[in-house]
Amino acid sequence: MEPIARAKTLEVSLLAITPDAQKVIEYAGRTCWQSFERIGADSSDTFIKRLIEMGHETPLEHACATFEIKNCSRAMTHQIVRHRLMSVCQQSQRYVEEDELDYVMPPAVSENDRQEFQNDMQAIAVMYAKWRQRGLKKEDARFVLPNACTSNIVVTANFREWRHIFSVRLEKAAQWEIRAACQVMLDILRKHSAACFWDI
Ligand SMILES: Cc1cc2nc3c(=O)[nH]c(=O)nc-3n(C[C@H](O)[C@H](O)[C@H](O)COP(=O)(O)OP(=O)(O)OC[C@H]3O[C@@H](n4cnc5c(N)ncnc54)[C@H](O)[C@@H]3O)c2cc1C
């Protein structure tokens, strides 16, 4: 059967987040001053904003969020895994067959050129299948695969690290795909813990 190459769309979802994250951060932060008597129903918002303004961000390390990013390119995952204070599990090209070559098409590819891009991906899918049939292991056949190849990745970081990641990866200078993923993650985290991400 002819191998298939298919264009895919980025998907980002929240898998887990520290329950009552802002309350945990406030409690941790107030431990420094032993000012627990100031804890109230809404006190975490102003307290956390103040911590951020002071540059006292260590309390934000007490809350974590885990995201699954699906159908992103290997070009993108190569960038996100550079963040060393993040825990990562990524789909392996050594163990998972790429017989159906899912790929990301950059939006910069014009409407006129999309078919040609698809044809190139299809040609690579055929190449990969050829080397597998010749007996190369997946870990070696993958050497012909493109950066466009999709990957699935689960990433966990604490809120301080997420703030750092967003600050560098939402900049105009950052690559479009990692910016798109980070924007979705930031929007989700803002819904859960607005005060922790108010200034980004
Ligand atoms: C627009 C853009 C372009 C890029 N281009 C390139 C490129 O061309 N080539 C390339 O190789 N990389 C490139 N990078 C990746 C970049 O160099 C970093 O590796 C990546 O952004 C991870 O950031 P970080 O090291 O600040 O943060 P993380 O690894 O997330 O760490 C968070 C923070 O912890 C501290 N920290 C972590 N580890 C150490 C340590 N060992 N010592 C001291 N402090 C530490 C630092 O304060 C750091 O900012 C680029 C990044 C961006 C945003």
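The values are calculated or read from the model by the stated rules, or taken from the named source; none is laboratory data. Because the structure is a prediction, the values reported are computed rather than measured. All Cβ positions, even for glycine, are placed from backbone atoms using ideal geometry, and neighbour counts span all protein chains on display.
Among the listed residues Asp199, Asp140, identify the single one that is out of contact with any Gly (no Cβ under 8 Å at 6 or more places or on another chain), away from the ligand (no atom under 16 Å from the Cβ), outside the structural domain of Glu100 (by TED's automatic domain parsing) and not aromatic (Phe, Trp, Tyr).
Asp199
Scan region 47-79 for residues that are without any contact (Cβ under 8 Å) to a residue 12 or more places away in the chain, more than 16 Å from the ligand (Cβ to nearest atom) and either touching a Pro at 6+ places or on another chain (Cβ under 9 Å) or not charged (D, E, K, R) (or both) and report the count.
1
Of the conditions (1) farther than 24 Å from Arg94 by Cα; (2) of a type outside the set (A, V, I, L, M); (3) surrounded by fewer than 14 Cβ atoms within 10 Å (Cβ to Cβ), Arg190 satisfies every one except a single condition; which number is it?
The number of the failed condition is (3).
Confirm whether Ile124 is modelled with pLDDT of 95 or more and more than 16 Å from the ligand (Cβ to nearest atom). Explain how you work it out, then say what you get.
On the way: modelled with pLDDT of 95 or more: yes; more than 16 Å from the ligand (Cβ to nearest atom): yes.
Yes: the conditions hold for Ile124.
Please determine, by comparing only the residues of region 80-104 that are of a type in the set (S, T, N, Q) and away from the ligand (no atom under 13 Å from the Cβ), which one is farthest from Met121 (Cα to Cα).
So the first thing to find is which residues in region 80-104 are of a type in the set (S, T, N, Q), and the list is 87, 90-93.
Still in the list and also away from the ligand (no atom under 13 Å from the Cβ): 90-93.
Numbers: Gln90: 22, Gln91: 20, Ser92: 19, Gln93: 17 Å.
For region 80-104, the residue satisfying everything is Gln90.
Please pick out the residue among Lys70, Lys49 that is part of a strand (DSSP E or B) and either among the basic types (Lys, Arg) or in contact with a His (Cβ under 8 Å, 6 or more places away or on another chain) (or both).
Lys70
Based on what the data block shows, is Thr18 under 20 Å from the mean Cα position of the chain (by Cα), surrounded by 16 or more Cβ atoms within 10 Å (Cβ to Cβ) and not aliphatic (A, V, I, L, M)?
Spelling it out, Thr18 is indeed under 20 Å from the mean Cα position of the chain (by Cα), surrounded by 16 or more Cβ atoms within 10 Å (Cβ to Cβ) and not aliphatic (A, V, I, L, M).
Can you find a residue that is within 19 Å of Thr18 (Cβ to Cβ) and not assigned by TED's automatic domain parsing to the domain that holds Tyr27 anywhere in region 75-85?
Looking for residues that are within 19 Å of Thr18 (Cβ to Cβ) and not assigned by TED's automatic domain parsing to the domain that holds Tyr27, one finds at least one in region 75-85, hence yes.
Within region 45-79, can you find the residues that are more than 30 Å from Ser92 (Cα to Cα), β-branched (Val, Ile, Thr) and surrounded by 15 or more Cβ atoms within 10 Å (Cβ to Cβ)?
Of everything in region 45-79, those that are more than 30 Å from Ser92 (Cα to Cα), β-branched (Val, Ile, Thr) and surrounded by 15 or more Cβ atoms within 10 Å (Cβ to Cβ) turn out to be Ile48, Ile52.
Give the residue that is nearest to the chain's Cα centre (by Cα), with candidates limited to residues of region 80-101 that are of a type in the set (A, V, I, L, M, F, W, C) and surrounded by fewer than 13 Cβ atoms within 10 Å (Cβ to Cβ). Step through it out loud before you land on a result.
Filtering region 80-101 for residues of a type in the set (A, V, I, L, M, F, W, C) gives 80-81, 85-86, 88-89, 96, 101.
When the remaining residues are screened for being surrounded by fewer than 13 Cβ atoms within 10 Å (Cβ to Cβ), the result is 85, 89, 96.
Details: Leu85: 13, Cys89: 11, Val96: 20 Å.
Selected residue: Cys89.
Take residues that are farther than 29 Å from Arg6 by Cβ and tell me which of the helices (runs of 4 or more DSSP H) falling wholly in region 93-200 contain 1 or more.
Output list reads 159-169, 176-192.
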